[in-house]
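One structure below.
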Amino acid sequence: MTTKASKANTTPAIIAMFFLFAMISFVTGFQNPFGVILKNQLSLSALQSQLGNLANFIAYLFMGIPAGMLLQRKGYKFSAIASLLVGILGVAIMFISSFLPDSAIFGVYLTGAFVAGFSMCMLNTVVNPMLNTLGGGGNKGNQLIQLGGSCNSLAATICPILVGYLMGDIANSSLVDARPALYIAGGIFIIATIVIIFTNIPEPILDAIKEEEKEKKETAKQAEPTLSGALKFRHFVLGAIAIFIYVGVEVGIPNMANLYMTNDLNIVPSAAGVLVGMYWFLMLIGRLVGGAIGGKVSSKAMLSTVASVGLIFLLLAIFSNPMNTIAIPAFDSDFNAMSVDAPINILFLVLCGLCTSVMWGGIFNLAVEGLGKFTAVASGFFMVMVCGGGILPVIQGGVADACGYLASYWVLFAGLAYILFYALIGHKNVNKDLTAQA
């Protein structure tokens, strides 16, 4: 029914989802440069500078499953609007913190980051299945998700460059300097809310529930798939751990690099922002390439390759002599073009973006293989495990305080080693006898 109308109405919804995909990354990306600002403004340790990132990601631990339940009961449009309103609140709290004295700013800022994390988790729960639905599933649905991921990476590239420019001189920067970035985030959230309110968004989940309720009147209710059922599959459990580690690795690499550059190397924030932005830009390139070859290369081959290369890049970053430098194009606080001599270690860390770009999809595909009816509940649990993006960088920050910034990358090296193990061995479904129950 209404194929023409449906097709005509999908474009605004797709564009709205792309904007939401970008906002997830843009607001999440605040925690890295804002951590650098607060570290210098409040004389924080490396570990403490990662607490904003922890607050943002730990929200996934609390909101992952409730967000899925909200989507199941209220549908895409309601969930998207609720997510955006929560996001506006989180950005507003962070904005308010910039007016407070140094003695009060950190606690309020962390509260804002935590609330924003709820929004990011809720948006993540909406946009992935929504884009897949708008594309009609299959290859087209996957293509829209890959394009949405590209918008996500583009926003992640812009965020550190923008905030680095706003910071100016690191010694004199404060959260006040970052207010324009919060204006932009709040404005886009408000615009996106208005757009979605007036956009016709398909609700296949609600339609399916209505159909299911009709069927239940005629047939006995079957047992609903539960998380405990999914956890019986060893490769899913190991995959959930891999997702937890992966997000921590993805976030930890640029976060600690930013601190290393602005504190140990005295690189100006604008230039450091460009280098961190290059990491996210390479993730964008990697996702585009991954989307192009994904139909021809297996998830196992792709994941094992990027994990292996990532391990090599980290070893080169840890052991290369920081005295060996490479000229990197950047700009100063007045946006004048300049060149910065950055240690070659930074180059290897930036190149890791090519490796982390396609890990999520590879891990996800391997982990849900053979889960059958448990796939949906397994997907919801993955959102909970995204909290690793906050926990692992805090551990890395503690190691950085004790042993130095470069030495802290051994934490992420161990994480990539586990992901390589999962790609080669851990992903195998050894519980095939459970498939019939799935």
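The values are calculated or read from the model by the stated rules, or taken from the named source; none is laboratory data. Quantities reported herein were computed from a predicted structural model and do not represent experimental measurements. Positions of Cβ are backbone-derived with ideal geometry, glycine not excepted, and every protein chain shown enters the neighbour counts. Accessible surface is based on the protein model in full, side chains and every heavy atom, while ligands, DNA and RNA are left aside. Shrake-Rupley method; radii C 1.70, N 1.55, O 1.52, S 1.80 Å.
Points to keep in mind about this one:
- Scan of region 253-279 for residues that are over 19 Å from A155 (Cβ atoms), under 22 Å from the mean Cα position of the chain (by Cα) and open to solvent by less than 10 Å² (accessible area, probe 1.4 Å), ordered by number: M256, L259
- Condition check for L147: out of contact with any helix residue (DSSP H, G or I) (no Cβ under 6 Å at 6 or more places or on another chain), surrounded by 18 or more Cβ atoms within 10 Å (Cβ to Cβ) and either within 24 Å of G390 (Cβ to Cβ) or at pLDDT below 85 (or both): yes
- Failed item in (1) at pLDDT 85 or above; (2) touching an Asp or Glu at 6+ places or on another chain (Cβ under 7 Å), with M278 passing the rest: (2)
- Filtered residue count, region 183-198, keeping only those that are open to solvent by 70 Å² or more (accessible area, probe 1.4 Å) and assigned to a helix (DSSP H, G or I): 6
- Residue that is surrounded by the fewest Cβ atoms within 10 Å (Cβ to Cβ), among those in region 309-344 that are at pLDDT 90 or above and closer than 26 Å to S25 by Cα: V309
- Taking the numbered list (1) more than 23 Å from Q48 (Cα to Cα); (2) open to solvent by 10 Å² or more (accessible area, probe 1.4 Å) in turn, F382 passes all entries but (2).
- Under the condition of being touching a helix residue (DSSP H, G or I) at 6+ places or on another chain (Cβ under 6 Å), small (G, A, S) and within 19 Å of G187 (Cβ to Cβ), the residues counted in region 65-109 number 6.
- Taking region 19-43 as the range and being more than 17 Å from N152 (Cβ to Cβ) and in contact (Cβ under 8 Å) with a residue 12 or more places away in the chain as the test, the residues that pass are P33, F34, G35, V36, I37, L38, K39, N40, Q41, L42.
- Elements of type helices (runs of 4 or more DSSP H) in region 30-137, at least 3 residues being out of contact with any strand residue (DSSP E or B) (no Cβ under 9 Å at 6 or more places or on another chain), crowded, with 22+ Cβ neighbours inside 10 Å and of a type outside the set (A, V, I, L, M, F, W, C): 31-42, 51-97, 102-134
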